[in-house]
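Read-outs throughout are calculated quantities, based only on the coordinates presented, and are distinct from any laboratory measurement. Computed from a predicted model, the values in this text were never measured in an experiment. Quick reminder, even Gly has a Cβ in these numbers, built from the backbone with ideal geometry, and neighbours come from all protein chains shown.
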Amino acid sequence: MSPPAPLPDLPPSLRAERQGALALLRLARPEKRNALDEAMVRGIERFFTDLGEDVKAVVLHGEGEHFSAGLDLGDMIGLDVAARIAHSQTWHRAFAAMEFGRAPVIAVLHGAVVGGGIELAAAAHVRVAERSAYYALPEGSRGIYVGGGASVRLPRLIGTSRVMEMMLTGRTYDAEEGQAIGLSHYVVEPGAGLAKAIELARRVAENQPLTNFAVMQALPRIAEQDPASGYLMEALMSAIASGDAQAQQRLQDFLEKRAPKTVRR
Ligand code: 1HE
């Protein structure tokens, strides 16, 4: 078997490692509570853009007590309007590279998941929250506005009204509340998030690659289309995925009792 593809060069505030078919990306700036500065955001873009073809799923997590304190507020000091637009668009590119990248991303959330930290988490495909996690959009009290895609991604997750209320009042949601409103898919005990995310990522990595492609690339676009175009796109995607040799084999495996059943777990 060929050795795993090398991981892209990253700043010291981001650490990447391979575990078989998985890649793990760690926010490694705990002394600043994983506040995301420009080097980290550009590093995130590079990581997801240059991900090797043999990476089948990614786990994103944070070092220290918090997933991320959001934007490094120092980056907002003294920029003119054009530079601020460019700054926000750098975040958009980085998180789009993740959301529409080569491999599904499972994020582990703990401690503060605030501002740009929620924006980063919202670009992941599966979110596992430890009980310590809490969510906030403190932009209002900082005198700024979201710039990492929250206006687009968060209303789709939790509704425009909740995003408005979070931004206006600075209210926080804890891990359980976050799960109830759709910010995370799982809540686990403190310290158990990474193991859970790796378990989920291994499962994701075993799917047919074309199915994962369809889920990541087609599903969110279909969901935004008018229904008639969406049904057509779904039929086309479905035909492409199920016509693949690996899909045909998997179907045969089930029919000939070689594949596991879908049971409650
Ligand atoms: C930071 C940042 C940051 C910490 N930018 N430096 N985000 C926020 O408004 C959240 C701001 N952070 C906090 O409220 C707190 O830091 C925490 C609740 C997350 C953690 O508190 P704590 O007591 O553990 O840490 P700390 O003492 O506040 O912070 C440790 C250091 O990290 C300290 O620096 P030091 O040099 O004094 O050690 C902090 O200044 C630094 N630090 N958070 C810069 N965010 C694309 S637009 C997105 C818009 C947003 O994300 S707005 C939300 C910004």
message = Tell me the Kirkwood radius of the chain: reciprocal of the mean inverse pair distance over distinct alpha-carbon atoms, in Å.
response = 19.5
Where only C-alpha atoms are counted, convex hull volume of the stretch 1-131 per residue in Å³ = 96
inquiry  = Could you tell me what a quarter of the Cα convex hull surface of the stretch 137-265 works out to, in nm² with one decimal place?
reply    = 11.1
ask   = Along the charge dipole of the stretch 191-249, which of G191, A245, A205 sits closest to the positive end, that is, farthest toward it, with unit charges on the beta carbon of Lys, Arg, Asp and Glu (+1, +1, -1, -1)?
value = G191
task = Taking the Cα centre of the stretch 122-265 as origin, sum charge times position over the Cβ atoms of Lys and Arg (+1) and Asp and Glu (-1), and report the length of that vector in debye to the nearest 20.
result = 300
request  = Any chance you could list the semi-axes, whole Å, largest first, of the equivalent ellipsoid that the Cα gyration tensor gives for the stretch 191-253, using √(5λ)?
outcome  = 26, 19, 6
request  = Run the dipole for the chain about the Cα centre, Lys and Arg Cβ at +1, Asp and Glu Cβ at -1, nothing else charged, and hand back the magnitude in debye, nearest 20.
outcome  = 600
key: Förster radius 25 Å - calculated FRET efficiency between A195 and F100 (Cβ-Cβ, nearest 0.05)   = 0.35
ask   = Around E206, with a cut-off of 11 angstrom between Cβ atoms, what is the net charge of the other residues, counting Lys and Arg +1 and Asp and Glu -1?
value = +4
query = How much length is gained on full extension from A83 to L219, taking 0.36 nm per residue of separation minus their Cα-Cα distance?
reply = 45.6 nm
request  = With +1 on each Lys and Arg Cβ and -1 on each Asp and Glu Cβ, and nothing else charged, work out how big the dipole of the stretch 154-230 is about its Cα centre, in Debye to the nearest 20.
outcome  = 180
